[in-house]
């Protein structure tokens, strides 16, 4: 565990140190995003912070390859070097988008090519759940599933990157959950060294190092070079764990551990994946491109109901932690205890999520009710005055007018009698 903490500290420290330099480079080369209609920030801010993350991850990888405890992970195969090469390529693609705003189809094609390259290099979903067992998939099917998962995760993190510290915090939370899970699995092996755990802790380190510069108000955005890198790394870490699951060592039904290698990216990245799916459906329903920008993402909705930027980020972190850790703790604890804990957490997070809306909406509802009641009282008062005016029309005659009217009536009766 101490080795992993050391690697995480190295990745975070290097990222924290080089990020200010990357900021100056981004300003010099013009990688400064203009304020768009969908943006939350109000002043132009440099992008390309993902380059600092890539440097931190690369340095930590090189140092890890020299440590005796982790050296075997690099000697047995070249999988980690393939992952690093893919990370460099995906970051370069993101940097190109940060500089020149690439067309979404071109960017998607680049993501797909890089994902296929990484799958061809050996990072694949080699087993698929079928019934109560794992079935080895064909090489072509394994490459296709792996590429799809990587591209989906890359874009999910990219979609959720809309507030300062949001994407890096969610990925860090997912990385911690992944690291804990993969470390527990690795403890049943002869060597505690785990490639998945190493990738996770380095990813968490670069996220924490970057958040120190990206917390609201952010000095630098990660840009696509960062969001795409994080989505890529968290999926690579989950795919590496495929084939290392031992259902007999986990206190639950066999079905959940069997599906876990494929479910992990979705469970840990539930909020980004949900946001991405909602955005795609929403845009297609309007006849727009799936990549058409708008202000209807989850973080935009949080701001609309009254949350501050920091408050929205912290609450979304809380939801991400609930889903990530809740989905993993069920593998190690009794389901009823996990369900009870998650229910309590859901109630608390729901209250925190809706509090600004209710705080402003309840007084508004009371004011609307008072206005409606006053309008009803006024209408009732006006109707009463009109009725009184109609009924009291004769009562407003003077005594003289009444006497004259009586005399006229008496004269008419006398005249009719004489005629008779």
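Inside the range 49-83, can you point out the residues that are under 23 Å from residue 125 (Cβ atoms) and surrounded by fewer than 17 Cβ atoms within 10 Å (Cβ to Cβ)?
The initial filter retains those residues of the range 49-83 that are under 23 Å from residue 125 (Cβ atoms), namely 57, 61, 73-74, 76-83.
Listed by number, the residues that qualify are 76, 77, 78, 81.
With respect to residue 178, is the statement that it is crowded, with 20+ Cβ neighbours inside 10 Å, at pLDDT below 85, farther than 17 Å from residue 324 by Cβ and under 22 Å from the mean Cα position of the chain (by Cα) true?
Values: crowded, with 20+ Cβ neighbours inside 10 Å: yes; at pLDDT below 85: yes; farther than 17 Å from residue 324 by Cβ: no; under 22 Å from the mean Cα position of the chain (by Cα): yes.
In short, no.
For the range 33-48, give me the residue count where each residue is touching a strand residue (DSSP E or B) at 6+ places or on another chain (Cβ under 7 Å) and either modelled with pLDDT of 90 or more or surrounded by 15 or more Cβ atoms within 10 Å (Cβ to Cβ) (or both).
4
Checking the structure you have, find out if any residue of the range 312-324 is free of Cβ contacts under 8 Å to residues at least 60 places away in the same chain and within 30 Å of residue 106 (Cα to Cα). Show your work before the answer.
Here is the first cut: in the range 312-324, the ones free of Cβ contacts under 8 Å to residues at least 60 places away in the same chain are 314-315, 318-319, 322-323.
Narrowing the set further to residues that are within 30 Å of residue 106 (Cα to Cα) leaves none.
Within the range 312-324 (the criterion being free of Cβ contacts under 8 Å to residues at least 60 places away in the same chain and within 30 Å of residue 106 (Cα to Cα)), the answer is no, since none of the residues qualifies.
Among the residues of the range 215-232, is there at least one that is closer than 18 Å to residue 125 by Cβ, crowded, with 16+ Cβ neighbours inside 10 Å and at pLDDT 75 or above?
In the first step, residues of the range 215-232 are kept if they are closer than 18 Å to residue 125 by Cβ; the result is 231-232.
Those left that are additionally crowded, with 16+ Cβ neighbours inside 10 Å: 231-232.
Adding the requirement that they be at pLDDT 75 or above leaves 231-232.
Yes, because at least one residue in the range 215-232 is closer than 18 Å to residue 125 by Cβ, crowded, with 16+ Cβ neighbours inside 10 Å and at pLDDT 75 or above.
Give the residues of the range 65-82 that are in contact (Cβ under 8 Å) with a residue 12 or more places away in the chain and part of a loop (DSSP other than H, G, I, E, B), sorted by residue number.
Residues of the range 65-82 that are in contact (Cβ under 8 Å) with a residue 12 or more places away in the chain, as a first pass: 65, 67, 69-70, 72-73, 77-80, 82.
Once the filter is applied, which keeps residues that are in contact (Cβ under 8 Å) with a residue 12 or more places away in the chain and part of a loop (DSSP other than H, G, I, E, B), the range 65-82 yields 67, 77, 78.
Does any residue of the range 239-255 turn out to be in a helix (DSSP H, G or I) and modelled with pLDDT of 80 or more?
At the first step, the residues of the range 239-255 found to be in a helix (DSSP H, G or I) are 239-240, 247-249, 255.
Retained after the next criterion (residues that are modelled with pLDDT of 80 or more): 239-240.
Scanning the range 239-255, I find at least one residue that is in a helix (DSSP H, G or I) and modelled with pLDDT of 80 or more, so the answer is yes.
Does residue 331 meet the test of being crowded, with 18+ Cβ neighbours inside 10 Å and over 14 Å from the mean Cα position of the chain (by Cα)?
Working: crowded, with 18+ Cβ neighbours inside 10 Å: yes; over 14 Å from the mean Cα position of the chain (by Cα): yes.
So residue 331 fits the description; yes.
Confirm whether residue 284 is out of contact with any strand residue (DSSP E or B) (no Cβ under 9 Å at 6 or more places or on another chain), under 25 Å from residue 235 (Cα atoms) and either in a helix (DSSP H, G or I) or modelled with pLDDT under 80 (or both). Lay out the reasoning, then the answer.
On the way: out of contact with any strand residue (DSSP E or B) (no Cβ under 9 Å at 6 or more places or on another chain): yes; under 25 Å from residue 235 (Cα atoms): no; either in a helix (DSSP H, G or I) or modelled with pLDDT under 80 (or both): yes.
No: the conditions fail for residue 284.
Any idea which of (1) modelled with pLDDT of 90 or more; (2) surrounded by fewer than 21 Cβ atoms within 10 Å (Cβ to Cβ) is the one residue 138 doesn't satisfy?
Of (1) modelled with pLDDT of 90 or more; (2) surrounded by fewer than 21 Cβ atoms within 10 Å (Cβ to Cβ), only one is false for residue 138: (1).
When you scan the range 339-360, do you find a residue that is modelled with pLDDT under 80 and more than 30 Å from residue 267 (Cα to Cα), even just one?
Initially, the range 339-360 is screened for residues modelled with pLDDT under 80, giving 360.
From what is left, the residues that are more than 30 Å from residue 267 (Cα to Cα) are 360.
Checked the range 339-360: at least one residue is modelled with pLDDT under 80 and more than 30 Å from residue 267 (Cα to Cα).
On the given criteria, is residue 18 touching a helix residue (DSSP H, G or I) at 6+ places or on another chain (Cβ under 7 Å) and at pLDDT below 90?
Values: touching a helix residue (DSSP H, G or I) at 6+ places or on another chain (Cβ under 7 Å): yes; at pLDDT below 90: no.
No.
Could you pull out the residue among 271, 264 that is buried (at least 20 other Cβ atoms within 10 Å of the Cβ), at pLDDT below 75, under 21 Å from residue 175 (Cα atoms) and in contact with a helix residue (DSSP H, G or I) (Cβ under 9 Å, 6 or more places away or on another chain)?
264
Please verify whether residue 62 is in a helix (DSSP H, G or I) and out of contact with any helix residue (DSSP H, G or I) (no Cβ under 8 Å at 6 or more places or on another chain), treating the condition exactly as stated. Spell out the reasoning first.
Numbers: in a helix (DSSP H, G or I): yes; out of contact with any helix residue (DSSP H, G or I) (no Cβ under 8 Å at 6 or more places or on another chain): yes.
In short, yes.
The values are calculated or read from the model by the stated rules, or taken from the named source; none is laboratory data. Computed from a predicted model, the values in this text were never measured in an experiment. Heads up, the Cβs are rebuilt from the backbone with ideal geometry, glycines too, and the neighbour counts pull from every protein chain shown.
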